[in-house]
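Right, one structure below, let's go through it.
Laboratory data are not the source of any read-out in this text; all were calculated from the coordinates shown. Nothing here was measured: the structure is a model prediction, and the numbers come from that model. Backbone-built Cβ (ideal geometry, glycine too); neighbour counts: all protein chains shown.
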Amino acid sequence: MQRITMADGLETSRVALGFWRWAQWGISVDELERLVDGALELGITLFDHANIYDHGNPEAAFGEVLARRPGLRESVQIITKSTIVYPSASVRVKYYDTSRAHIVSELEASLRRLRTDYVDLLLLHRPDPHMNPEETAAAFSQLHEQGKVRFFGVSNYKAHHYEMLAGYCDQPLITNEIEASVLQHENFDDGTVAHCQQRRIHPIAWSPLAGGRVFTGTDDAAVRVRAELETVRAEIGAPTIDEVALAWLLSHPVGFLTITGAEDLGFVRRPVDALRHRLTDEQWFAIWSACTGHKVL
Ligand SMILES: NC(=O)c1ccc[n+]([C@@H]2O[C@H](COP(=O)([O-])OP(=O)(O)OC[C@H]3O[C@@H](n4cnc5c(N)ncnc54)[C@H](OP(=O)(O)O)[C@@H]3O)[C@@H](O)[C@H]2O)c1
């Protein structure tokens, strides 16, 4: 498994396992422990959580695995996120909160669930149009000084959101977790990926298989892309089209990390296996053209 230096002092696997679909998985802590072991055997050491994933249940289950296994915490890197507040008995509408108090209290709640003293990476889940960056930067400084968060980053940010916040923070923003796949080219088109290259940061691609649409989508783009993936699969001798779709992302010079959203270890290993394929420029653009729906000029 390739490893990548995301920042001075933070090395991780290029493939992460993510917990957004925890409720859908419906697995026990014992089964999670086996999944984590299987991921570790594949060389995956990066685990992607968020305070809102299934009301914190996957964080709590992961925390139980950590508690059972002394020494495991030092072998893994944990991401969590906050910002989004969902409606509840006391909250009328969904909104974003990037205040110091909210970021600190949500992170502390994540630490309690995860049964750890620190996370490796805290991300702001979504850009906040109502952000007071001084507040957010103060939260980062506090959590860093207290040793509760090692590194900070953002998710779903555009370049201007990132630069605005970076201008206030003492800590560097070391990544942007963004949607990117053979069926999602917006972040390539609007300069988000180029901005990561400019900043020399490695983005993390979420839904790298478009949430399964690569296999099951019946829309024109999905049908077109699937056919092209099949052509390239045959050319490079890959066993499955998802390896090709993942190789397409992983071979981009920006140096993407990808997050696997599957709990089936047979699927979890696909991005790991995809790392052995190298697409030619022509193959990369054949898939790009299928993705965008037109040839390059
Ligand atoms: N930062 C953000 O805003 C954000 C947003 C969304 C997601 N994320 C992160 O990204 C992670 C991955 O997202 P995702 O779950 O949408 O990723 P994904 O890998 O694009 O999609 C996963 C879905 O595809 C299916 N699948 C995966 N590999 C397959 C294969 N080889 N053959 C057939 N089906 C396959 C899975 O099926 P099974 O369910 O049957 O395994 C699952 O339903 C999340 O867990 C979360 O950590 C972050």
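Here the extension length gained between Gln142 and Arg34 equals 35.3 nm, from 0.36 nm per residue of separation less the Cα-Cα distance. Peptides 206-214, 181-189 ranked from most to least packed by the mean count of surrounding Cβ atoms within 10 Å: 206-214, 181-189.
Under a GNM of the chain (C-alpha, springs under 10 Å), which listed residue has the highest mean-square fluctuation: Val149, Val272, Val91? Among Val149, Val272, Val91, the largest GNM mean-square fluctuation belongs to Val91.
For the stretch 3-179, the relative contact order works out to 18 percent when only alpha carbon pairs closer than 8 Å and six or more residues apart are counted. The residue list Val154, Leu114, Ile174 was ranked by how far each Cα lies along the charge dipole of the stretch 3-179 toward its positive end, using unit charges on Cβ atoms, and Leu114 comes out on top. For the chain, a simple Cβ point-charge model (Lys and Arg +1, Asp and Glu -1, everything else neutral) yields a dipole of about 100 debye relative to the Cα centre. Against the main long axis of the alpha-carbon atoms of the chain, helix 29-42 sits at an angle near 60°.
Modelled label positions at Val223 and Asp281, each set 7 Å beyond Cα in the direction of Cβ, lie 3.3 nm from each other. By how many degrees, 0 to 90 and rounded to 10, does the Cα axis of helix 265-274 deviate from the longest principal axis of the chain? Rounded to the nearest ten degrees, it is 70. For the peptides 95-103, 170-178, the ranking by packing is 170-178, 95-103, with the highest mean count of neighbouring Cβ atoms within 10 Å listed first. Across the stretch 133-292, Cα pairs under 8 Å and at least six residues apart give a relative contact order of 21 percent.
Counting only residues at least eight positions apart within a chain, or on another chain, the lysines with an alpha carbon under 24 Å from that of Lys81 are Lys94, Lys148, Lys158. Hydrodynamic analysis of the stretch 3-179 uses the Kirkwood radius over alpha carbon pairs. Inserted into Stokes-Einstein at 25 °C and 0.890 mPa s, it gives a translational diffusion coefficient of 148 µm²/s. Helices in the chain, meaning DSSP H runs of at least 4 residues, each add -39500 (n - 2.57). Divided by all residues, the mean residue ellipticity at 222 nm is -13000 deg cm²/dmol.
Contact order for the chain, expressed relative to its length and based on alpha carbon pairs under 8 Å spaced 6+ residues apart, stands at 17 percent.
Taking 0.36 nm per residue of separation and subtracting the current Cα-Cα distance, fully stretching the chain between Thr216 and His160 would add 16.7 nm.
The calculated FRET efficiency for the pair Ile236 and Leu10, based on their C-beta separation and a Förster distance of 30 Å, comes to about 0.40.
For the stretch 95-207, the Kirkwood hydrodynamic radius comes to 14.5 Å, computed from all pairs of different C-alpha atoms. Neighbours of Ile259, meaning other residues whose beta-carbon lies under 9 angstrom from its beta-carbon, give a summed charge of -2 when Lys and Arg score +1 and Asp and Glu score -1. Per-residue extension of 0.36 nm, minus the Cα-Cα distance of Asp189 and His130, leaves a gain of 18.7 nm for this segment. Taking the chain as a Gaussian network of alpha-carbon nodes connected by springs under 10 Å, the highest mean-square fluctuation of the residues Gly71, Gly255, Gly38 belongs to Gly71. All distinct Cα pairs of the chain go into the 1/r average, and the inverse of that average, the Kirkwood radius, is 19.7 Å. Annotation: peptides 75-83, 112-120, ranked by per-residue average of other Cβ atoms within 10 Å with the highest first, follow the order 75-83, 112-120.
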